[in-house]
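The values are calculated or read from the model by the stated rules, or taken from the named source; none is laboratory data. Here the structure is a predicted model, which is why all the values come from computation and not from measurement. Please note: Cβ atoms are built from the backbone with ideal geometry, for glycine as well, and neighbour counts cover all protein chains shown.
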Amino acid sequence: MFNKILIANRGEIACRVIKTAKRMGISCVAVYSEADASALHVRLADEAYLLGPAPSKSSYLRADKIIEIAKLSGAQAIHPGYGFLSENEAFAQSVEDHGLVFIGPKAASIRAMGDKIASKHLAQEAQVSTIPGYNEVIADANEALSIAKGIGFPVMIKASAGGGGKGLRVAYNDQQTMEGFQACQNEARASFGDDRIFIEKFIEQPRHIEIQILGDAHGNVLYLNERECSIQRRHQKVIEEAPSPFISSATRKAMGEQAVALAKAVHYQSAGTVEFVVDKDQNFYFLEMNTRLQVEHPVTECITGLDLVEWMIKVAAGEHITLKQEDVKINGWAMECRINAEDPLRQFLPSIGRLSRFTPPQTTLEASRVDAHHGVRVDTGVKEGGEISMHYDSMIAKLIVHARDREGAIQSMREALNAFVVRGVQSNIGFQLALLSHPKFASGQFNTGFIAEHFPNGFTQDHLVHPNPHFLTALAACVQRELLLRAQPTGSHSNMESGQAHLSFEVVDMDHKSANGARASTQVEFLNPSASNSTHRVRVGAQVLEIELDLLLHEGLIKGRVNGEPFKAQFDRGGASSPMVNTLTQWGCTLHHMVLSDRHAELYRLMPVKEPPDLSKFLLSPMPGLLTQILVKEGQRVMPGERLAIIEAMKMENVLLAHSEVQIKSIAPAVGESLSVDQIIMEFV
């Protein structure tokens, strides 16, 4: 076994590997960029070395520098995590050539499965079910159209070297095929330097189900059951679970056996994943093999009790897999939500900045202790005060739950998300709660088109419906009263105005207006006005609620009971710009509000409503990022849909388009400048 390993990665996966390695008694070497000098994975490691500047190409993609550090530090092996160099065959080979061990598959296996066209041929030779299609290089759009007609519409046009949704189009007719072929070829050439395209039958109502496999150097290969990964947005996974609520035990066995056959065909040694697309009748077809640890591996660990990182290290050290296929069980149900720094209410634009507050839900499961059951696990590489950088991906954390059954897993996940406090950047927690609350998701009746089907025009706050909106209003009033009571000297019964406790408050909703154009407000009456403890009996509308509070303001949380039932909610006091506007959040639903006495409410209604400024003559940056291209000139007239500028953030290019016919008056920043949110990029005439 190794004494010391280097982790060639960052963030949560680096922390994840370090935890298991340390439990195994192995010293850990971290590498970091200038942007990650104070990152969590650097603090967890036994020693750490600077790679270079923040951009990945100057740091985490520096294969030569990583190997140099490994040798300098005395590390015997390198774990690549996922992303970056994890599926780079040249890196894997170079590690071995320098007398080190690559904790992953051999370079030949990576090479065999890394090319989508070649991997299809290998799968067919191993008698793995593949999607009907044409798996040779296609010369041009005319040949693509001929092939598509032969297969039958709809078809999937895919780049051989593609990934992450790039170089991929679905075509339902001749025109879409011609245009899709050209678009895929252009994207593939720009993104991967490889413009080879192939075409296959598009499976309608597909589910994305993957089989986790584990192989060693002695010819032993097991399948560790499946993961359901069909909840996707633009081909990026959002929620994963294990097992799948869809496939039967017979289908699981058949998929698993084919995944093992493919792994044996390429002499696979390590943890890996064989991905399948499954139609509504449970016919399944090979998609690709990921020759690395997957982001969603924790759900497999939860239901099998196996530490995949531990087994990767053991296999790399030459150990035998001591398990038999019959030893691999399914215990309960696991689910994972990816908590990303993005704003679902603004078309999921990246959100960058400092984590002013980061309070995950209470955890009972640990990444390196996978034999525990039924609880909450948080895999993260950030801490409060840390920076979400524009240079890397948007993941803040992975929230994993394990329960006895799927219904229990959904409920546990909802409760954990409800208690997950992230401030300083926007997150997708509300969107995750909306998905989990959808009846189609709860029933397991979904496919990869679920988000596109149910959120066709994007995500809005209207997709989040609180089970009892009056509760949030009542809670706002109770919190305000509690804060007023806390602020009084001991033994005092005074209050803001008269020395007597308020009988009622007016809660003003800052986001909604009433019929007369004024901000909507609701009166909350206290039925125990002289109470000085934390129990409040209130009437709001036709409801009477008894609310008991425990304010954990340092955590941004409120815990308590309403009519005897426990609850949690999140609370934020007003900031410097709006000190009287507080925020309550529960189940993803947000109430921006002011709580006023009757007299203050009467005066507030006399105040004019300030209209927002007209910004229609400006192009504003929708996110923090790097301005990489300006595509127009001053004085130029552009038409709706024309490209104006490109901003790069979190490894993604974001193209800004003209929404109407305009003429460019002036352009403010220069290419290469870092932009802040709402910074002016250009002004229109």
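Whether a residue is surrounded by 14 or more Cβ atoms within 10 Å (Cβ to Cβ), farther than 30 Å from Leu472 by Cβ and within 29 Å of the chain's Cα centre (by Cα) was assessed, and Met650 passes this test. Just one of the listed residues (Glu143, Glu179, Glu187) is assigned to a helix (DSSP H, G or I), under 28 Å from the mean Cα position of the chain (by Cα), surrounded by fewer than 21 Cβ atoms within 10 Å (Cβ to Cβ) and acidic (Asp, Glu), and it is Glu187. Scanning the range 65-79 for residues that are in a helix (DSSP H, G or I), touching a residue at least 40 places away in the same chain (Cβ under 8 Å) and within 21 Å of Pro105 (Cα to Cα) turns up Ile66, Ala70.
Close contacts from the range 300-317, counting a first residue that is at pLDDT 95 or above and a second that is in a loop (DSSP other than H, G, I, E, B) and of a type in the set (D, E, K, R), with Cβ to Cβ under 8 Å and a gap of 6+ residues or different chains, come to Glu301/Asp307; Ile303/Lys329; Thr304/Lys329; Gly305/Lys329; Gly305/Asp371; Val315/Asp216. Considering each of Tyr60, Tyr82 in turn, give the residue that is of a type in the set (Phe, Trp, Tyr), within 22 Å of Ser368 (Cα to Cα), outside any helix (DSSP H, G or I) and not assigned by TED's automatic domain parsing to the domain that holds Phe358. Answer to the selection: Tyr82. Checked against the criteria, Asp393 does not count as farther than 29 Å from Pro622 by Cβ and either touching a residue at least 12 places away in the same chain (Cβ under 8 Å) or not assigned by TED's automatic domain parsing to the domain that holds Glu228 (or both).
Taking the range 338-383, which residues are aliphatic (A, V, I, L, M), within 19 Å of the chain's Cα centre (by Cα) and in a loop (DSSP other than H, G, I, E, B)? Passing the criteria: Ala341, Ile352, Leu355, Ala367, Val382.
Counting the residues of the range 449-482 that are crowded, with 20+ Cβ neighbours inside 10 Å and not in a helix (DSSP H, G or I) gives 1. Out of the residues in the range 292-342 meeting the condition of being acidic (Asp, Glu) and over 30 Å from Gly353 (Cβ atoms), tell me which one is surrounded by the most Cβ atoms within 10 Å (Cβ to Cβ). The qualifying residue surrounded by the most Cβ atoms within 10 Å (Cβ to Cβ) is Glu301. Exactly one residue out of Glu602, Glu653 is of a type in the set (Asp, Glu) and more than 26 Å from Val508 (Cβ to Cβ): that is Glu653. Annotation note: of Val128, Val95, Val101, Val137, the sole residue that is β-branched (Val, Ile, Thr) and surrounded by fewer than 16 Cβ atoms within 10 Å (Cβ to Cβ) is Val137.
Selection within the range 660-681: residues that are under 17 Å from Val638 (Cα atoms) and assigned to a loop (DSSP other than H, G, I, E, B). The member of this set that is nearest to the chain's Cα centre (by Cα) is Ser660. Under the condition of being more than 19 Å from Ile388 (Cβ to Cβ), modelled with pLDDT of 95 or more and part of a helix (DSSP H, G or I), the residues counted in the range 33-57 number 0. Within the range 61-70, identify whether any single residue is at pLDDT 95 or above and surrounded by fewer than 17 Cβ atoms within 10 Å (Cβ to Cβ), and answer yes or no. Yes: the range 61-70 contains one or more residues that are at pLDDT 95 or above and surrounded by fewer than 17 Cβ atoms within 10 Å (Cβ to Cβ). Please indicate, with yes or no, whether at least one residue in the range 399-406 is modelled with pLDDT of 95 or more, in the same structural domain as Arg357 (by TED's automatic domain parsing) and assigned to a helix (DSSP H, G or I). Yes, the range 399-406 contains a residue that is modelled with pLDDT of 95 or more, in the same structural domain as Arg357 (by TED's automatic domain parsing) and assigned to a helix (DSSP H, G or I).
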